[in-house]
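J.: Pasting in a structure now, in structure tokens, and then I'll have a few things to ask.
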Amino acid sequence: MKICVLVKEVPDAAVQKRLDPATGRMDRGGEKNLNPYDTHAIEAAMQIKEGGVVPVEEVVAVTMGPDSAVRALHKAVSLGADRSVHLTDAALSGSDVNATGYALAKVLEREQPDLVLLGQQSDDGECYTIGAVVADHLHMPSLTQVVKLDVEDGKLRCERQAEYGYDTVAVELPAVISVGDAINEPRYPSLKAIMGAKKKPLDTLSTSDAGIESARVGVEGSKAQWTAAKAPPAKQAGQIIEDEDTNETVEKIVAWLDERKLI
Amino acid sequence: MPSILVYVLHYDGAFNKNSLGAVSEGAKLASAIGGECHAIVVGDKAGLSDELCASLGGYGATKVFRAEGPEGLAQPVVDAMAQVIRAGGHGYALFGGGLLGFEIGAGLAARLDAGVAMEITAVRAEGSKLIAERPILGDSAISEIHYKGDLGIIISRLNAFEIRETGGGAAAVEDVAVEYSPWSTKATMVQRGEQRGEQVNIEDADVLVAGGRGLGKAEGFQLCEDLAGALGGAVAATRAVVDAGWYSYSAQIGQTGKSVAPKLYLAAGISGAIQHKVGMQNSENIVAINKDANAPIFEFSDLGIVGDLNKILPKLTEAVKAKKGG
């Protein structure tokens with residue numbers, strides 16, 4: 001089995017996120033890191049590989065993004081991927097969800113994976129949809145927010161929480177699965193793996209290398225056009241208490257609740 | 001004049017509330033842009049009677065497309081909606097949020113090369129176009145999405161649209177024979193709607209004490225149980241702890257759980273992710289206890305306590321008991 005894991009570089013969670021006022025899009029400058037949700041997808045791939053139910057020949061990390069996205073690939077490799085593919089091209093900048101999914105699908109077509117894994121959402125865009133887009137472009141079955149994933153009789157057995165409780169779904173391979181963060185506890189990379197990550201094979205592809213039609217990507221190729229952001233209706237900020245003396249804090253909470261007749 | 005096609009989810013003989021909200025909103029928007037609001041249902045026809053389908057007319061749908069197909073899976077619905085839109089030339093597809101809505105909307109965008117936006121909280125009409133509003137960056141700003149091309153796909157945030165009965169008559173019901181894509185039938189439902197943990201009723205409680213990952217372990221819920229007992233309320237939970245098996249699914253708040261609006265919502269060890277927020281933000285009073293001063297929940301709580309819940313909750317329980325007794 002060959003597994004491709006789609007990863008993304010996102011602004012570090014500790015860094016204040018902001019918008020570019022000119023374009024209304026996310027300012028993607030500043031400190032970056034591997035999307036924390038993607039580490040669960042890599043871990044899921046590693047657990048299939050180490051689980052021994054099916055032989056896994058290769059785990060490949062794939063990303064689309066500017067030059068700096070290489071660091072997210074290095075992190076993915078340090079967590080266990082065997083090699084990585086970086087789709088990078090100025091023409092891709094400003095791609096919406098569908099254009100991004102199309103471009104990633106073109107890269108995956110070259111790789112011919114049996115299983116595509118990704119995290120349930122990106123930490124920056126809060127978008128849980130890329131897996132379903134990629135799957136339709138690849139003509140593969142797909143399921144998102146999977147919290148238990150097993151390979152059984154050459155098929156996947158997936159569990160997830162949906163609108164009416166937990167669903168168990170059998171999915172034939174090849175397939176695109178996005179995993180929820182409850183699926184596993186990602187491992188920490190060893191120092192040796194971190195040091196060795198830059199030596200693992202890395203393919204860098206342009207849109208033409210990947211056979212991507214440039215008219216279908218970038219700002220022009222995107223059908224959803226994001227415009228400048230505005231401020232939401234003002235909401236009165238709540239009161240904040242830093243707990244220093246817990247007895248005092250509790251007194252304040254009780255008084256607050258009592259004032260509102262909640263006790 | 002563009003018409004709007006709304007996906008309507010059903011389960012066990014009833015339509016999903018968020019889908020009914022989407023039909024209501026779709027009807028309002030369709031009349032603003034001079035089109036009609038149509039609905040589509042996919043499932044076992046035995047559970048989709050003419051009468052049930054036609055009842056969507058009461059929320060403003062003029063026509064309901066009914067397709068026989070598997071339930072609870074997104075890709076067959078993508079096939080059905082793509083077929084109906086290709087034939088009917090709908091200008092917009094609308095979803096009332098929820099997991100399936102996200103998956104179907106995204107798949108449909110790929111299939112019909114359309115723009116898609118999710119987590120939409122408001123839609124407005126400008127001429128014959130619809131413009132969607134999406135809060136971003138932890139709801140600190142709102143972006144607008146304009147669509148180009150023949151179709152725009154709008155996936156709302158949970159509870160974004162109000163259910164409105166228009167008093168409209170029965171909608172016309174039209175059966176569609178869908179040719180399913182080979183890949184759409186490669187995922188099959190083994191078991192649907194399994195309830196994990198005991199059944200609890202949290203929707204009628206005036207006071208909810210909700211616990212999240214910050215409780216540290218399943219046993220941490222005892223602190224919530226004790227406080228809820230003292231306050232005369234019930235205990236709720238986040239998806240993370242339900243998925244981890246710490247608490248019952250029936251007590252879960254948020255995207256794939258319940259939506260509640262109690263008089264008091266006390267969140268203990270909950271960071272306040274959007275998926276949780278959508279299920280509880282209409283609570284009258286929100287109190288949050290979290291050790292992380294940067295937790296998003298403090299941005300929408302009325303009273304926030306930065307501190308260790310293991311220290312605060314037991315003392316708060318005692319103080320509430322003393323207050324009630326006194």
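J.: Go through B:Ala230, B:Ala240, B:Ala293 and say which Cα lies farthest out towards the positive end of the charge dipole of segment B:207-325; charges sit on Cβ, +1 for Lys and Arg, -1 for Asp and Glu.
T.: Ranked along the dipole, the leading option is B:Ala230.
J.: Here's another thing I want to ask about it. Among the listed pairs A:Lys75/A:Lys192; A:Lys148/A:Lys192; A:Lys148/B:Lys186, which have their C-alpha atoms separated by more than 21 angstrom in this model?
T.: A:Lys148/A:Lys192
J.: Moving to a separate point now. I'd like to know which of A:Ser142, A:Gly131, A:Leu73 lies farthest towards the positive end of the charge dipole of segment A:2-221, counting +1 on Cβ of Lys and Arg and -1 on Cβ of Asp and Glu.
T.: The residue sitting farthest along the positive end of the dipole is A:Leu73.
J.: Here is a follow-up. Past 25 Å, Cα to Cα: identify those pairs from A:Lys8/A:Lys200; A:Lys261/B:Lys321; B:Lys217/B:Lys323; A:Lys252/B:Lys263; A:Lys49/A:Lys198; A:Lys200/A:Lys223, in the order given.
T.: Over 25 Å Cα-Cα: B:Lys217/B:Lys323; A:Lys200/A:Lys223.
J.: Enumerate the aspartates and glutamates that B:Lys17 could reach by cross-link, defined here as Cα to Cα under 16 Å, with residues fewer than 8 away along the same chain left out.
T.: Hits, sequence-local ones excluded: A:Glu163, B:Glu25, B:Glu162, B:Glu165, B:Glu203.
J.: Hey, what did segment B:207-325 get for relative contact order, percent, Cα under 8 Å, at least 6 apart?
T.: 25 percent
J.: Please work out the FRET efficiency for the pair A:Glu220 and B:Asn201, using the Cβ-Cβ distance as r and a Förster radius of 41 Å; give the result to the nearest 0.05.
T.: 0.20
J.: Magnitude of the Cβ-charge dipole of the protein assembly as shown, K/R +1 and D/E -1, about the Cα centre, nearest 20 debye?
T.: Dipole about the Cα centre, nearest 20: 660 debye.
J.: Here's another thing I want to ask about it. Taking a ≥ b ≥ c as the square roots of the eigenvalues of the Cα gyration tensor of segment B:207-325, is the shape rounded (a/c under 1.5), prolate (a/b larger than b/c) or oblate?
T.: rounded
J.: Separate question: Treat the count of other C-beta atoms within 10 Å as a stand-in for reagent exposure and order B:Thr166, A:Thr129, A:Thr88 from fewest to most.
T.: On the way: B:Thr166 16, A:Thr129 27, A:Thr88 19.
Listed from fewest to most nearby Cβ atoms, that is B:Thr166, A:Thr88, A:Thr129.
J.: In addition: What list of ³J(HN,Hα) couplings, whole Hz, do you get for segment B:166-173 from phi and the Karplus terms 6.51, -1.76, 1.60, once you set θ to phi - 60° and write x for glycine and proline?
T.: 8, x, x, x, 5, 7, 6, 10
J.: Say the dipole of the protein assembly as shown comes from +1 at the beta carbon of Lys and Arg and -1 at that of Asp and Glu; which of A:Ala170, A:Gln112, B:His38 then lies farthest toward its positive end?
T.: A:Gln112
J.: Would you pull out the residues with amide H under 5 Å of A:Lys8's amide H, same chain only if 5 or more places away, H placed 1.01 Å from N?
T.: Hits under the 5 Å cutoff: A:Asn35.
J.: Over chain B, with a Gaussian network built from C-alpha contacts below 10 Å, which listed residue (B:Ile145, B:Ile136, B:Ile202) shows the highest mean-square fluctuation?
T.: B:Ile136
J.: For a quick check: with amide H placed at 1.01 Å from N, whose amide H comes under 5 Å from B:Ile136's, ignoring anything fewer than 5 positions away on the same chain?
T.: B:Ala141, B:Ile142, B:Ser143
J.: Just how large is the dipole of chain B about the Cα centre, in debye to the nearest 20, putting +1 at every Lys and Arg Cβ and -1 at every Asp and Glu Cβ?
T.: 640 debye
J.: Still on this structure, I have one more. Whole-Hz Karplus ³J(HN,Hα) for segment B:266-275, in order, using 6.51 cos²θ - 1.76 cosθ + 1.60 and θ = phi - 60°, x for Gly and Pro?
T.: Per residue, the Karplus-derived 3J(HN,Hα) values read 9, 9, 10, x, 10, 6, x, 4, 3, 4 Hz.
J.: While we're here: A:Lys235: which aspartates and glutamates have alpha carbons under 12 Å from its alpha carbon, excluding same-chain residues fewer than 8 sequence positions away?
T.: Output for A:Lys235: B:Asp139, B:Glu299, B:Asp302.
J.: Could you tell me the center-to-center distance, by alpha carbons, between segment A:41-58 and segment B:111-190 in angstrom?
T.: Measuring centre to centre over Cα atoms gives 36 Å.
J.: Quick one: check the C-alpha center-to-center distance for segment A:127-171 versus segment B:238-293, whole angstrom.
T.: 25 Å
J.: Express the relative contact order of chain A as a whole percentage, based on alpha carbon pairs under 8 Å and six or more residues apart in sequence.
T.: Normalised by residue count, the contact order of chain A is 24 percent.
J.: Another question, then. What number, rounded to the nearest 500 deg cm²/dmol, is the helix-based mean residue ellipticity at 222 nm of chain B, given -39500 (n - 2.57) per DSSP H run of at least four residues and division by all its residues?
T.: Roughly -8500 deg cm²/dmol at 222 nm, from the helical runs in chain B.
J.: With charges only on Cβ, +1 for K and R and -1 for D and E, what is the dipole size of segment B:207-325 about its Cα centre, in debye, rounded to 20? The partial results should precede the final answer.
T.: Values: 12 positive and 10 negative charges, 29 e Å.
My answer is approximately 140 debye.
J.: How big is the antiparallel share of DSSP beta bridges in segment A:71-205, given as a percent to the nearest 5?
T.: Looking only at bridges with both residues in segment A:71-205, the antiparallel portion is about 55 percent.
J.: Considering only the other residues whose Cβ falls under 12 Å of the Cβ of A:Gln112, what net charge follows from Lys and Arg at +1 and Asp and Glu at -1?
T.: Its environment carries a net charge of -3.
J.: Relative to the longest principal Cα axis of chain B, at what angle does helix B:309-325 sit, 0 to 90 degrees, rounded to 10?
T.: 80 degrees
J.: Right, here's the next one. Under 5 Å between amide H atoms, partner at least 5 residues away or on a different chain: which partners does B:Ile305 have, H built in plane at 1.01 Å?
T.: Residues meeting the amide H criterion: A:Ile241, B:Ala288, B:Ile289, B:Asn290.
J.: Which shape class, rounded, prolate or oblate, goes with segment A:2-221 when its Cα gyration tensor gives a ≥ b ≥ c as root eigenvalues, a/c under 1.5 marks rounded, and past that a/b bigger than b/c marks prolate? Numbers along the way, then the final one.
T.: Values: a/c = 1.40, a/b = 1.29, b/c = 1.09.
Cα axes put segment A:2-221 in the rounded bin.
J.: Please figure out what share of the DSSP beta bridges in the protein assembly as shown is antiparallel and state it in percent, rounded to the nearest 5. Intermediate values should be presented prior to the final figure.
T.: On the way: 40 of 116 bridges.
Within the protein assembly as shown, antiparallel bridges account for around 35 percent of the total.
J.: Specify the inter-centroid distance of segment B:301-316 and segment B:1-75, based on alpha-carbon positions, in whole Å.
T.: 44 Å
J.: Considering Cα pairs under 8 angstrom that are at least six residues apart, work out the relative contact order of chain B and quote it in whole percent.
T.: Across chain B, relative contact order equals 15 percent.
J.: If the elastic network links every pair of Cα atoms under 10 Å, which of B:Tyr11, B:Tyr147, B:Tyr247 fluctuates the most in the Gaussian network model of chain B?
T.: Judging by the Gaussian network model, the answer is B:Tyr11.
J.: Okay, moving on. Please work out whether chain B counts as rounded, prolate or oblate from its C-alpha gyration tensor, where a ≥ b ≥ c are the square roots of the eigenvalues and a/c under 1.5 means rounded, while otherwise a/b larger than b/c means prolate and anything else oblate?
T.: Prolate.
J.: Let me ask something additional. Please arrange B:Ile104, B:Ile270 by how many other C-beta atoms lie within 10 Å of their C-beta, fewest to most.
T.: Placing the least packed residue first, the sequence is B:Ile104, B:Ile270.
J.: Hey, what do the phi angles of segment A:136-146 turn into as Karplus ³J(HN,Hα) couplings, whole Hz, using 6.51/-1.76/1.60 and θ = phi - 60°, x for Gly and Pro?
T.: Using θ = phi - 60°, the values come out as 5, 5, 8, 6, 10, x, 8, 8, 10, 6, 7 Hz.
Laboratory data are not the source of any read-out in this text; all were calculated from the coordinates shown. On a predicted model such as this, the values are computed, not experimentally measured, just so you know. Here the Cβ is made from the backbone with ideal geometry for all residues, glycine too, and neighbour counts use every protein chain on show.
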